[in-house]
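*Asks:* Just dropping this structure here.
The values are calculated or read from the model by the stated rules, or taken from the named source; none is laboratory data. In this text, all values refer to a predicted model and were calculated from it rather than measured experimentally. Ideal geometry is used to build each Cβ from the backbone, glycine not excepted, and the neighbour counts take in all protein chains shown. Heads up: the accessible areas ignore ligands, DNA and RNA and are worked out on the full protein's heavy atoms, side chains in. Shrake-Rupley method; radii C 1.70, N 1.55, O 1.52, S 1.80 Å.
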Amino acid sequence: MSMKYSRVASSDSSEVDFASPFNYESQTKYTGFNQFSPSTSSAHSYRSAFEYTVSHQGGTTIQQDQTSFSRNKTTFLNLCVSVCITVFFCFIVVITFPISGWFCFKVVRRYESLVVFRLGKQQPVKGQGIVFVIPCIDKCVKVDMRTKAFNVPPQKIFTNDNGIVEVGADVYFRTCDAVCSVMNVQDYNHALRLLTQTTMVKLIAKEEMENIDKNKLVISSSVQNAVNQMSLSWGLEVSRVELRSRTVATFI
């Protein structure tokens, strides 16, 4: 970045405001040099179009302490408000217990996990059995942990040797992390279908037609590993991929 300096006359007593919206912290002292003798410092003074300030370690520490104090204060206020709202609704539940009992208890089956958000904050995952929740402030999402399956419709794919092959797949997957499947992806069924379909087409397009049937197990394993690299962050694990292929046409 080039910087321009304007020479200030020694008899000029007027003040020129070169304040900049940018604040550059520098620890370097800038001095002018004589035009004919670069090694000799010049007596002329120069004022930069930018404003340079010297950073002090103590000032930085004070600013960080103030920021940390402000964050702690906000967190403390949020905690107080959350506790007050929770206590209020618990009181309502107690005084209306015979009726509120129908809304406070959830039955979680053995193959399910219950993800609870209380006032927007994630709570520990609830396991099997009867679970107590607070109406109006608890949002519950049941996640099925059993193995599920879907099929990728057959698609015509151009292979590396200019052939056309029609390939479909049967995919088996399960939810390995209930929290990630709720928080990291909106519709994991649709997302996993698109991811598997795109990955399968990408990998098969690199193969030759005669090698697809011979290396079907290897290609299936490659598709499974490639999908798992992304789906594990969604809390999903693909356990098996079965390819179904047939040759459509071959071009020489």
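*Asks:* Mind checking which residues of region 168-196 are surrounded by fewer than 21 Cβ atoms within 10 Å (Cβ to Cβ) and under 14 Å from S220 (Cβ atoms)?
*Replies:* G168, D170, Y172
*Asks:* Please specify each residue of region 112-150 satisfying the condition of being in contact (Cβ under 8 Å) with a residue 12 or more places away in the chain and open to solvent by 80 Å² or more (accessible area, probe 1.4 Å).
*Replies:* Of everything in region 112-150, those that are in contact (Cβ under 8 Å) with a residue 12 or more places away in the chain and open to solvent by 80 Å² or more (accessible area, probe 1.4 Å) turn out to be K121, Q122, Q128, I130, F132, C136, K139, K142, R146, T147.
*Asks:* Hey, another quick one. Can you tell me which condition M145 does not meet? The list is (1) of a type outside the set (D, E, K, R); (2) over 31 Å from the mean Cα position of the chain (by Cα); (3) under 30 Å from R244 (Cβ atoms), and all the others hold.
*Replies:* In the conditions (1) of a type outside the set (D, E, K, R); (2) over 31 Å from the mean Cα position of the chain (by Cα); (3) under 30 Å from R244 (Cβ atoms), M145 misses (2) alone.
*Asks:* Determine, yes or no, whether T199 is closer than 16 Å to R244 by Cα and either touching a Phe, Trp or Tyr at 6+ places or on another chain (Cβ under 7 Å) or of a type in the set (V, I, T) (or both). Before the answer, list the steps.
*Replies:* Values: closer than 16 Å to R244 by Cα: yes; either touching a Phe, Trp or Tyr at 6+ places or on another chain (Cβ under 7 Å) or of a type in the set (V, I, T) (or both): yes.
Against the criterion (closer than 16 Å to R244 by Cα and either touching a Phe, Trp or Tyr at 6+ places or on another chain (Cβ under 7 Å) or of a type in the set (V, I, T) (or both)), T199 qualifies.
*Asks:* Follow-up question, since we're still on this one. Out of the strands (runs of 3 or more DSSP E) lying entirely within region 108-160, which hold 2 or more residues that are over 24 Å from N189 (Cα atoms)?
*Replies:* Fully inside region 108-160 and qualifying: 129-132.
*Asks:* Another one. Tell me yes or no: at least one residue of region 84-95 is in contact with a strand residue (DSSP E or B) (Cβ under 6 Å, 6 or more places away or on another chain), open to solvent by less than 90 Å² (accessible area, probe 1.4 Å), of a type outside the set (G, A, S) and modelled with pLDDT under 90.
*Replies:* The first filter runs over region 84-95 and keeps only residues in contact with a strand residue (DSSP E or B) (Cβ under 6 Å, 6 or more places away or on another chain), leaving none.
Within region 84-95, none of the residues are in contact with a strand residue (DSSP E or B) (Cβ under 6 Å, 6 or more places away or on another chain), open to solvent by less than 90 Å² (accessible area, probe 1.4 Å), of a type outside the set (G, A, S) and modelled with pLDDT under 90.
*Asks:* Residue check: is S100 without any contact (Cβ under 8 Å) to a residue 40 or more places away in the chain and hydroxyl-bearing (S, T, Y)?
*Replies:* The answer is yes for S100.
*Asks:* So which residues in region 157-167 are open to solvent by 50 Å² or more (accessible area, probe 1.4 Å) and either at pLDDT 85 or above or touching a Ser or Thr at 6+ places or on another chain (Cβ under 9 Å) (or both), if there are any at all?
*Replies:* F158, D161, N162
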